[in-house]
1. Looking at residue B:82, is it exposed (fewer than 15 other Cβ atoms within 10 Å of the Cβ), among the small types (Gly, Ala, Ser) and on the phi > 0 side of the Ramachandran plot?
2. Determine which member of the set A:17, A:24 is buried (at least 20 other Cβ atoms within 10 Å of the Cβ) and at negative phi.
3. Given the conditions (1) closer than 23 Å to residue B:40 by Cβ; (2) out of contact with any helix residue (DSSP H, G or I) (no Cβ under 6 Å at 6 or more places or on another chain), report the number of the one that residue B:316 does not fulfil.
4. Any residue in region A:77-95 that's under 25 Å from residue A:179 (Cα atoms) and more than 7 Å from chain B (Cβ to nearest Cβ): show its pairings with residues that are among the hydroxyl-bearing types (Ser, Thr, Tyr) and surrounded by 13 or more Cβ atoms within 10 Å (Cβ to Cβ) at Cβ separation under 6 Å, as long as the two are six or more apart or on different chains.
5. Condition check: under 16 Å from residue A:319 (Cβ atoms) and either buried (at least 16 other Cβ atoms within 10 Å of the Cβ) or at pLDDT below 90 (or both). Does residue A:256 satisfy that?
6. State yes or no: is residue A:38 on the phi > 0 side of the Ramachandran plot, in contact with a Lys or Arg (Cβ under 7 Å, 6 or more places away or on another chain) and of a type outside the set (D, E, K, R)?
7. Which condition from (1) buried (at least 22 other Cβ atoms within 10 Å of the Cβ); (2) closer than 17 Å to residue A:110 by Cα; (3) of a type in the set (D, E, K, R) is the one that residue A:169 breaks?
8. For residues that are among the hydroxyl-bearing types (Ser, Thr, Tyr) and within 14 Å of chain A (Cβ to nearest Cβ), tally how many sit in region B:198-230.
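The values are calculated or read from the model by the stated rules, or taken from the named source; none is laboratory data. In this text, all values refer to a predicted model and were calculated from it rather than measured experimentally. Cβ placement follows ideal geometry from the backbone for every residue including glycine, while neighbour counts extend to all protein chains displayed.
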Amino acid sequence: MLSVKNLSVQFPTDDGMVAALNGMDLQLHRGETVGLVGESGSGKSVTSQAIMGLFKETRAKISGEITFEGTDLLALSEDRMRTFRGKKIGMIFQDPLSAMHPFYTVGSQIAEAYRVHNKVSRKAAKQVAIDMLARVGIPDPKKRVDNYPHEFSGGMRQRAMIAMALVCEPELLIADEPTTALDVTVQAQILDLISELQAETNSAVIFVTHDLGVVAQLCQRVVVMYGGQCVEQASVREIFTAPSHPYTRGLMASMPHLSGEDDRLTPIPGSPPALLDLPSGCIFADRCEFAALVPDNRCQNERPQLLVTGEHAARCHGHEMSLLPKTIKVGA
Amino acid sequence: MIGFLFRRLGAMLILLLVVSFITFTLFQFGPADPAAASCGQECTPERVEQARIALGLDKPFFVQYLAFLSGLVGPRMLGAPGAEQVCAWPCLGKSFQTNENVTDMIANALPYTVSLTVGAVVLWTVVGVGMGLFAALRKGKLADRLIVGAASFGVSLPIPVTGLVLLLVFVGTLGWLPFTTNAIRSPFGEAGFFGWTTNYLLAWIALAVLFSAQYVRITRNNMIETFSEDFMRTARAKGLSRGTIVFKHGVRAGITPIVTMLGLDLGAMLGGAVLTEQIFSVPGLGFTAVRAATSGDLPVTMAITMLAAFFIILFNVIVDVSYAFIDPRVRVN
């Protein structure tokens, strides 16, 4: 239903163009949950905002392709894009307190989201908001509908945010780190809520996170991002048991183990790429412990392609030429 | 809310008392001798002494101050012993200079200042906030740069300069507008709304140039900040129209500092716009205050100072109350 191909997003700054996305690829099927993982600055949020069309009428330069149900979203005008936002594609943001308007009641904000796309009276929309609050598990929704966001707890706010994003029953939900700002116990509740609602509505979900534990719990497929590219995508099982890309291997190795005797985590050496001045070769090459195994300095000189083998895809010369050591099982 | 208002009103009274005491005290150290000034050119020491007694200036400082305060509570007696006259409540005394009742003088001058303030405030709010919002929406583009440039220019134009240039061009050279007349005090008089507008228009513009420039800056900066807030992204992600996003979500959230500034400016303006009233010969509070202060006219100076303080404090309270209407987070307590 959603296909992102070779998507590039660049932001002009005083220091030059910042290349936030450099040929991002992403495929999503109906009813599927895909985890979009990567470290800060890898382009997860930029990808989701580009799908929402939030860079239209900004100075960002976009190229590539975003197709949603056969419609080329990049070609749409801001006005046509509005008919998709909220209605066909919903979005949940990281910090529900700042993502909700402080001066309007929770109910009116949910009702507003419904009324943009449905011709109903204020009263009917409020009833929809009450029903929606009940659906996301807010106790006493009739009373709570008239509360302001600051009168809600963090977890309730995120529930309300989910209600707002899902009130028009979009076919695609983009959840941009929806649990990062929440307590761990509340995180689990929110994750349960999202998967419950997804099961009810059969919508597809892009779950943006840097928490691999959340991915394992919620997603069927994982897209690993690095330097504004998809470096690897595979089913959750494959990613955890047989990661191909050296960066994904590094991510797995840097995860804490409950059973491990060794208390120290294994970090990936080096730091994320400077998006102002990307290398012409593989973006991960200067941090990659296997780059030396590839002959002719290919990793330094040539940008690898995303090699698709069945359901598993990776962007790595070493993997393509089968030069990488076999993956050791990680985790338990 | 009621309790809050009562507390604020109490604080307001205390503040006014302090202001009056300070003004009264400062006056004692001033160089002016009201008694000598009031008895005119050919004055003998005996007549100065008589005037001093008639004005009550022979009495000790605290007695004078308490006598002044008593006029705020009820009627008081004024004049030389044996020839006292009743001064009805609220009595602010009589002018040392003209022997007019100060309350009447204030009542006379206030409509001019209100006329000046109302028009100028409307003009600068519409122009300043409108252009500031427009600039914020066009951030970094040519229109934005032009507006910001114009605002930096406007904010550095002093009223005497703009005022005199406007008068010279529109009254003098072009003759499009009449020179300001004392005859028009309000839009409800004989001259009607049109006459009132043309009479005060140049003064409004002179004030608006200066104030709009400040409002452009504060509005632009605030709106740019507001537009980058997370909830603005949410509004867009809901599929709302541009107008709804900008006004219902953006302006509503970014308006608070503008309301604050507007309230404080309104309060200050109502106390009299000294320079503008001088240049456009508007006999309002500012005009009267300058004349009173330079001639040692204590009752008039006291009255206008206290009135100005009253307006400033009053609008501070109004601003505080308006917060509760704008921002529900303030309402909780």
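1. yes
2. A:24
3. (1)
4. Short answer, once both residue conditions are applied: A:94/A:180.
5. So residue A:256 fails the test.
6. Against the criterion (on the phi > 0 side of the Ramachandran plot, in contact with a Lys or Arg (Cβ under 7 Å, 6 or more places away or on another chain) and of a type outside the set (D, E, K, R)), residue A:38 qualifies.
7. Going through the list (1) buried (at least 22 other Cβ atoms within 10 Å of the Cβ); (2) closer than 17 Å to residue A:110 by Cα; (3) of a type in the set (D, E, K, R), residue A:169 breaks only (1).
8. Residues flagged as among the hydroxyl-bearing types (Ser, Thr, Tyr) and within 14 Å of chain A (Cβ to nearest Cβ) within region B:198-230 amount to 2.
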